[in-house]
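The structure under discussion appears below in the form of structure tokens.
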Amino acid sequence: MTTSAAVGTLKLTNHYTGEHVRPAVAVISNRQCTRTGCSERAEVTLTYDYGQSRAWLEALSAERDPHTYDMCARHAERLSVPSGWHLDDRRPSRHLDLVAS
């Protein structure tokens, strides 16, 4: 998901389709973590782009997208990316840009 500012408005777009999406602000969902065997409530959305060797974590998206993974907080905190990939943590409470070595 990317953002672009335009005269006082914030537009969010789906990274893959370019479609405008609603911001994921305080989303409360019954969705579960997509990690096998985990039944915890999803709190984070993981998206990745193989071409750019980049993955990012964002606040839970308002709607499920088949190109993303919903994760619980525990699995999001333990997430690691392949060597040479970048992990951007875009959650509102985080401002980290991590690079795997």
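The values are calculated or read from the model by the stated rules, or taken from the named source; none is laboratory data. Owing to the predicted nature of the structure, the values given are computational and were not obtained by experimental measurement. As a convention, Cβ positions derive from the backbone with ideal geometry for all residues, glycine included, and neighbour counts pool all protein chains shown.
Computed values, structure above
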item	result
Test: residue 62 is buried (at least 17 other Cβ atoms within 10 Å of the Cβ), at pLDDT below 90 and outside any strand (DSSP E or B)	no
Single match in 26, 5 (criterion: in a loop (DSSP other than H, G, I, E, B) and at pLDDT below 95)	26
Close pairs from region 35-58: first touching a residue at least 24 places away in the same chain (Cβ under 8 Å), partner part of a loop (DSSP other than H, G, I, E, B) and of a type in the set (S, T, N, Q), Cβ under 6 Å, at least 6 apart	45/61; 45/68; 47/68
Qualifying position, being within 12 Å of the chain's Cα centre (by Cα), at pLDDT 95 or above, surrounded by 15 or more Cβ atoms within 10 Å (Cβ to Cβ) and charged (D, E, K, R), among 70, 89	70
